[in-house]
Amino acid sequence: MNGKRFLAAVVLCCFSILGMSACRSQQAGGSDKIYVGVASYNQSDTFISELVGCFEEQLNRLESEKRRTVVTIRDAAGQQRKQNDQVKEMLDAGCNVLCVNLVDRSDPSEIIDLAREHDVPIIFFNREPVAEDLLQWNRLYYVGAYAKESGIMQGELAADLIQEDASIDRNRDGQIQYVVLEGEPGHQDAIIRTENAVDTLKSRGVKLEKLSYGIANWNRAQAQNRMLQMIGQHQNQIELVLANNDDMALGAIEAYEKLNRTEASMPAFLGIDGTDVGLKAVVDLKLDGTVYNDKEGQAEAMAELAVAAVTGTGMDKIKFVNERYIYLPYEKVTKENVREFLAE
Ligand code: BGC
Ligand code: CA
């Protein structure tokens with residue numbers, strides 16, 4: 001182990017011990033002490049790290065003289081095994097509510113069993129478990145958004161652009177040659193967003209020709225690589241890039257910038273999320289539009305639910321769908337309204 005890595009390991013170790021004792025030392029309190037254990041699938045994911053940041057703010061906001069909130073955050077760095085261990089560690093340290101962003105959304109059983117043994121409720125977020133899993137126990141919840149809605153909105157944004165600006169159909173063949181950058185296979189937001197964006201474009205009367213697609217796992221650098229490959233295959237035939245999230249749309253834009261393509265030979269780009277960098281790209285007129293994934297709303301719902309689940313009060317004020325689901329609406333973002341989102 002080199003010096004830097006050793007230091008990193010020591011620092012990490014100290015953090016874990018601190019985090020755990022933070023939970024344990026306050027374990028003895030009453031029901032108004034909320035010890036939240038957050039398990040993130042990957043903190044290097046732009047949207048997730050912003051969402052977790054909002055969640056911490058929301059919990060702070062709910063603090064009062066009578067109510068203390070303590071948050072411990074663990075990053076599974078994309079490994080489900082690691083996440084299971086982190087959840088166990090947080091439960092042993094005395095956390096009384098868990099917020100879990102599953103690595104593998106089809107594999108929550110071990111985490112559910114652990115929480116159940118400790119009688120600690122779980123709020124799953126962003127990566128939706130299948131319904132049968134959420135029915136395993138009545139203290140399981142989900143906070144997220146409807147993937148279908150974001151796909152439809154992305155399709156509408158693209159249709160508006162194409163119908164307003166004839167130059168997007170650069171080769172004037174009456175069809176839009178497009179490519180898709182997809183998120184992780186198996187994620188509820190990947191395939192559903194793509195399908196609905198494409199179906200919406202078709203239903204708006206836009207003739208489409210799919211040239212290619214690339215899986216880039218929500219990741220900007222991977223998207224840049226995939227996009228470079230697709231440009232290599234199709235040169236300047238690509239007229240539209242539909243990306244399942246902003247980071248991948250930004251990676252695609254970077255691929256064109258790397259090749260020094262002029263503005264006139266660039267396709268239209270659409271993302272989803274409205275992350276800080278995504279919104280900035282809309283302001284800079286690089287990204288033609290995005291769909292706001294309401295992280296503030298999701299964070300607020302998670303914080304209120306966490307408090308209600310621990311204290312047992314306030315549950316009646318929460319608007320659930322199917323008793324244990326909360327979905328926040330998406331919103332379309334264009335250069336005309338982007339400033340409203342920047343202010344948030
Ligand atoms: C977001 C992506 C993010 C993914 C992580 C999606 O809802 O749009 O940006 O990478 O969730 O699970
Ligand atoms: Ca065309």
Please identify the longest segment of the chain free of exposed trypsin sites (Lys or Arg not before Pro), where exposed means a DSSP state other than H, G, I, E or B and no more than 13 other Cβ atoms within 10 Å.
208-318
Taking the radius of gyration and the Kirkwood hydrodynamic radius from Cα positions alone, what is the Rg/Rh ratio for the chain, to two decimal places?
1.02
Could you sort Asp247, Asp119 by their accessible area in this structure, using a 1.4 Å probe and putting the largest first?
Asp119, Asp247
Mind checking the dipole of the chain: about its Cα centre, +1 per Lys or Arg Cβ, -1 per Asp or Glu Cβ, Debye to the nearest 20?
640 debye
Cβ-based net charge around Gly278, under 9 Å, with every Lys or Arg adding one and every Asp or Glu removing one:
-3
Quick one: order Asp85, Asp273 from most to least accessible surface, probe 1.4 Å.
Asp85, Asp273
I need the Kirkwood Rh of region 220-296: take the reciprocal of the average 1/r across all distinct C-alpha pairs and report it in angstrom.
12.3 Å
Separation between Cα centres of region 76-117 and region 196-258, rounded to whole Å
34 Å
Result row for the chain, helices from DSSP H with C-alpha axial extent 30 Å or more and mean Kyte hydropathy at least -1.0, is 3-25
Let me cross-check Asp45: its accessible surface, 1.4 Å probe, with only protein heavy atoms counted, in Å² to the nearest 10?
20 Å²
With a probe of 1.4 Å, find how much accessible area the chain has per residue, and write the answer as a whole number in Å².
46 Å²
For n ≥ 4 DSSP H runs only, could you compute -39500 (n - 2.57) per run for the chain, divide by its residues and tell me the 222 nm figure to the nearest 500?
-14500 deg cm²/dmol
About the Cα centre of region 49-93, how large is the charge dipole given +1 on each Lys and Arg Cβ and -1 on each Asp and Glu Cβ? Please answer in debye to the nearest 20.
160 debye
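Quick check for me: using +1 on Lys/Arg Cβ and -1 on Asp/Glu Cβ, what's the dipole size of region 203-326 about its Cα centre, in debye to the nearest 20? Write down the numbers at each step before the final one.
On the way: 13 positive and 17 negative charges, 81 e Å.
Taking the Cα centre of region 203-326 as origin, the dipole is about 380 debye.
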What does the charge count around Ala249 come to, taking other residues whose C-beta lies under 11 Å from its C-beta (Lys +1, Arg +1, Asp -1, Glu -1)?
-3
Inter-centroid distance (Cα atoms) of region 287-316 relative to region 124-165, Å
14 Å
Among Thr262, Val310, Tyr327 - extreme Cα towards positive end, dipole of region 216-343, charges at beta-carbon:
Thr262
What order do Ser265, Ser49 take when sorted by accessible area (1.4 Å probe), most exposed first?
Ser49, Ser265
Given Cβ charges of +1 for Lys and Arg and -1 for Asp and Glu, the option among Asn42, Gln235, Leu59 whose Cα lies farthest towards the positive end of the dipole of the chain is Asn42
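The values are calculated or read from the model by the stated rules, or taken from the named source; none is laboratory data. Since the model is a prediction, treat every value here as computed from it, not as a measurement. As a convention, Cβ positions derive from the backbone with ideal geometry for all residues, glycine included, and neighbour counts pool all protein chains shown. For accessibility, only protein heavy atoms count, side chains too; no ligands or nucleic acids. Shrake-Rupley method; radii C 1.70, N 1.55, O 1.52, S 1.80 Å.
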